[in-house]
Amino acid sequence: MQTLLEAFLKQAVTFMAIMDPVGVSAIMLGMLSHQATRSEALTIARQATWTITIAFFVVLLAGDVILRAFGVDQHSLKVIGGIVLLMMALEMLGSGNSRILSTDNQAKIGVIPLGIPIIFGAGLFTTVIILRQQAKSLSGTGVTIAAFLVNALAIYFALRHAIHIRKILGRTAENVITKLMGLITGAIAVQFIVDGIVTLGKHYL
């Protein structure tokens with residue numbers, strides 16, 4: 001039980017660092033006009049949450065098939081996934097504005113681009129596949145699902161209450177949280193890269 005709890009906490013923190021609910025809420029506000037209403041925020045929150053949840057289960061269930069179809073070793077995926085995460089971390093530690101997009105169709109931004117690819121992008125895609133490969137049992141997969149769903153719920157509430165979060169935290173606090181999430185994401189990325197390289201090295205040598 002303790003091992004499962006530790007795995008849950010580790011994976012929940014990993015998902016939270018990558019998904020960055022507070023940072024994503026700031027991105028959503030950057031897409032909306034200043035006259036955005038609570039009803040619009042609620043609609044976008046629902047769209048984004050359903051989008052990333054469906055994408056998660058598709059990747060979770062089809063991840064092994066994707067790897068076999070392309071003949072990709074999970075440890076190679078770990079390395080490239082770590083590199084993608086590292087790029088995301090550097091972006092979060094930088095200006096933090098490169099992911100902010102403008103759109104005239106605000107009613108649909110919860111699906112694209114907010115749900116995919118901003119929240120559920122390459123970094124989260126590879127992370128889900130890696131965690132699925134690491135799961136040794138049904139309980140391990142259940143831990144991954146639970147860890148993701150907790151963060152999907154956090155995304156939902158962050159987007160739904162984005163307008164209030166900005167008023168409470170202010171831009172400075174938002175930036176600080178995003179930087180901290182960037183540091184955590186970077187550390188996770190380095191661990192993925194090192195683990196993948198070491199395992200591949202042992203295999204080929």
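Can you confirm whether the range 67-82 contains a residue that is under 14 Å from the mean Cα position of the chain (by Cα) and part of a helix (DSSP H, G or I)?
yes
Quick one: K136 ticks every box in (1) modelled with pLDDT under 85; (2) under 24 Å from A36 (Cα atoms) except a single one, so which number is it?
Every condition holds for K136 apart from (2).
Can you confirm whether A89 is in a helix (DSSP H, G or I) and either among the charged types (D, E, K, R) or crowded, with 19+ Cβ neighbours inside 10 Å (or both)?
Yes; evaluated as a whole, the condition is true for this residue.
Is it true that N175 is buried (at least 20 other Cβ atoms within 10 Å of the Cβ) and touching a residue at least 24 places away in the same chain (Cβ under 8 Å)?
No: the conditions fail for N175.
Which of the numbered conditions does S39 fail, given that it passes all the others? Conditions: (1) at pLDDT below 80; (2) in a helix (DSSP H, G or I); (3) exposed (fewer than 15 other Cβ atoms within 10 Å of the Cβ); (4) among the hydroxyl-bearing types (S, T, Y).
Here S39 clears every test but (1).
Identify the residue in the range 195-205 that is among the hydrophobic types (A, V, I, L, M, F, W, C) and touching a helix residue (DSSP H, G or I) at 6+ places or on another chain (Cβ under 8 Å) and, among all such residues, is nearest to G82 (Cα to Cα).
Looking at the filtered set, the residue picked out is I197.
Tell me, which residue of the range 1-36 that is outside any helix (DSSP H, G or I) and over 16 Å from T178 (Cβ atoms) is modelled with the lowest pLDDT?
M1
Out of I129, I109, report the one residue that is of a type in the set (A, V, I, L, M), closer than 30 Å to Q35 by Cβ and at pLDDT below 90.
The unique qualifying residue is I109.
Can you tell me which condition F56 does not meet? The list is (1) modelled with pLDDT of 75 or more; (2) in a loop (DSSP other than H, G, I, E, B); (3) among the hydrophobic types (A, V, I, L, M, F, W, C), and all the others hold.
So the condition that F56 fails would be (2).
Being farther than 12 Å from F192 by Cα and part of a helix (DSSP H, G or I) is the filter here, so list the residues in the range 117-133 that pass it.
Listed by number, the residues that qualify are P117, I118, I119, A122, L124, F125, V128, I129, R132, Q133.
Write out, first by first residue and then by second, each pair whose Cβ atoms fall under 7 Å of each other, whose residues are 6+ apart or on separate chains, and whose first residue, in the range 138-153, is part of a helix (DSSP H, G or I) while the second is of a type in the set (K, R) and buried (at least 17 other Cβ atoms within 10 Å of the Cβ).
Filtered contacts from the range 138-153: T141/R132; T144/R132.
Regarding V13, is this residue within 18 Å of V128 (Cβ to Cβ), exposed (fewer than 14 other Cβ atoms within 10 Å of the Cβ) and not acidic (D, E)?
No, not satisfied.
The values are calculated or read from the model by the stated rules, or taken from the named source; none is laboratory data. Small disclaimer: the values here were computed from a predicted structure and weren't measured. Reconstructed Cβ throughout: ideal geometry from the backbone, glycine too, with neighbour counts over all protein chains shown.
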